[in-house]
Amino acid sequence: MNAELWTLAGVIVGAAGALGAATLTSRAARRAPLATHRRDKRREAYAAFVGVATELAIAAEPHASSGFRINSVAPNPEEWVQELNTIRRRLLAAYPLVQLEGPQEVERSGMAVMNAALVLVMAADNVALADVPPAMQVSGEVQKLSDVVATFLVDCQTALRI
C-alpha cells in the first residue's frame, strides 16, 4: 500500500509540474507579442521625431556661398524663418510620443534636440533681422542640432535593445 501512495503522490506532483510549465509557457507566449508591439511603437515614435529633426537641419543647411536654398531657390529670409518655424512646430508635435514611450534617457535626449532646434530657429531669425550672411551665423547651430540628434539615436538604440 505504501508503494501505491508514493505512486499516487508522484502522479500528482508530475501533473502539477506539467500544469505549471504549461502556464509559464502560455504567459511567455502572450508577453512576447506585447513586448514586440511596444518596441515597434517606440521605434515609430523615435523615427518620426528624428525624421522631423533631420528635416529641420536640412532646411537650415547652407547650400551655396550666397546663402541658403529651399527647393533649389534662395528664399526670402522671412520665408526661410517661417519654414524653419513650421518644421520646428512639427517637431514639437512629435515630442509628446517620445515622452510617452520613454525611457527617461531618451526623453532627456529628445529635450536636448528640442532645445537645439529652438536655438537654431532663433539664430535663423537673428540672421533674417540683421541681414547678415546666413552661412556664418547658422551653420554652427545646424552642427549642434546634428550632434544632439546623433546622441538621441544612440539613446534610442540602447532603449530598444532593453
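Read the figures in this text as sums done on the coordinates, not as results from a lab. Everything numeric here is computed off the predicted structure, so don't read it as measured data. Don't worry about glycine lacking a Cβ; one is built from the backbone with ideal geometry, like all the others, and counts go over all protein chains shown.
So how do Phe49, Phe152 line up by other beta-carbon neighbours within 10 Å, fewest first?
The fewest-first ordering by Cβ neighbours comes to Phe152, Phe49.
Based on other C-beta atoms within 10 Å, arrange Ile87, Ile58, Ile12 from fewest to most.
Ile12, Ile58, Ile87
Which ordering of Leu19, Leu91, Leu160 is given by a fewest-first count of other beta-carbon atoms within 10 Å?
Leu19, Leu160, Leu91
Multiplying the sequence separation of Ala16 and Glu105 by 0.36 nm and subtracting their Cα-Cα distance, what value in nm do you get?
Stretched fully, the Ala16-Glu105 segment lengthens by 27.7 nm.
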